[in-house]
1. Test of understanding: in a Gaussian network model of the chain with alpha carbons linked when under 10 Å, which of Leu87, Leu75, Leu49 would top the mean-square fluctuation ranking?
2. If I take every Cα pair under 8 Å that is 6 or more residues apart in the chain, average their sequence separation and divide by the length, what percent do I get for the relative contact order?
3. Could you tell me which of rounded, prolate or oblate describes the range 9-54, using a ≥ b ≥ c as the square roots of the eigenvalues of the alpha-carbon gyration tensor, with rounded for a/c under 1.5 and, failing that, prolate when a/b is larger than b/c and oblate otherwise?
4. Most fluctuating residue of Glu42, Glu68, Glu17 in a GNM of the chain with Cα springs under 10 Å: which is it?
5. Can you tell me the alpha carbon radius of gyration of the chain divided by the globular rule-of-thumb value 2.2 N^0.38 Å?
6. What does the extension gain come out to for Thr11 and Met82, with contour length at 0.36 nm per residue minus their alpha carbon separation?
7. Counting each DSSP H run of 4 or more residues in the chain as -39500 (n - 2.57), what helix-only mean residue ellipticity at 222 nm follows after dividing by all residues, to the nearest 500 deg cm²/dmol?
8. Once you have the Cα-Cα distance between Asn69 and Leu57, take 0.36 nm times their residue separation minus that, and quote the gain in nm to one decimal.
Amino acid sequence: MLNEEKIILMTKLASYEGREGKKNGAVSGYFRSDYISLRVIESLVSAALAFVICFALYIFYYFEEFMENIYRMDLLAFAQTMLRFFLIWVAGYGLVSYVVYSVRYSRVKKQQKKYYNNLKKLAAMYEK
């Protein structure tokens with residue numbers, strides 16, 4: 001005789017394993033601090049690379065004006081300004097990345113907790 005509760009629970013478990021379970025498996029292999037720090041470091045490298053690319057595009061776009069004024073401008077002040085923009089950009093991006101990956105990790109852990117609780121329910125149903 002078929003038990004509808006078992007079928008519903010097994011369907012939920014199979015659905016989780018098929019969709020979110022594969023993605024969440026990569027996250028669950030890490031401790032919280034390891035996962036977040038690794039992802040934030042990747043984001044910081046990406047942010048630095050994006051800043052360098054945007055700065056290079058800005059310089060190339062205004063290259064003629066930049067070259068005309070290069071002897072009149074204070075290069076040290078320009079470098080300090082660019083360094084400040086760079087640090088603000090990277091720090092902001094890192095902060096946002098930290099928040100995003102913290103939330104993702106906690107969501108994955110909640111989903112996995114639900115999954116394991118459902119597995120325990122299913123095991124209890126089979127024991128009856």
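1. Among Leu87, Leu75, Leu49, the largest mean-square fluctuation in the Gaussian network model of the chain belongs to Leu75.
2. 52 percent
3. Numbers: a/c = 6.64, a/b = 2.47, b/c = 2.69.
Oblate, because a/c is 1.5 or more while a/b does not exceed b/c.
4. Fluctuation is largest for Glu68.
5. 1.82
6. 20.0 nm
7. On the way: 5 runs with 114 residues, N = 128.
Using -39500 (n - 2.57) per qualifying helix, the result is -31000 deg cm²/dmol.
8. Stretched out fully, the Asn69 to Leu57 stretch lengthens by 2.6 nm.
The values are calculated or read from the model by the stated rules, or taken from the named source; none is laboratory data. Note that the structure is predicted; figures quoted are calculated from it, not measured. Accessible surface is based on the protein model in full, side chains and every heavy atom, while ligands, DNA and RNA are left aside. Shrake-Rupley method; radii C 1.70, N 1.55, O 1.52, S 1.80 Å.
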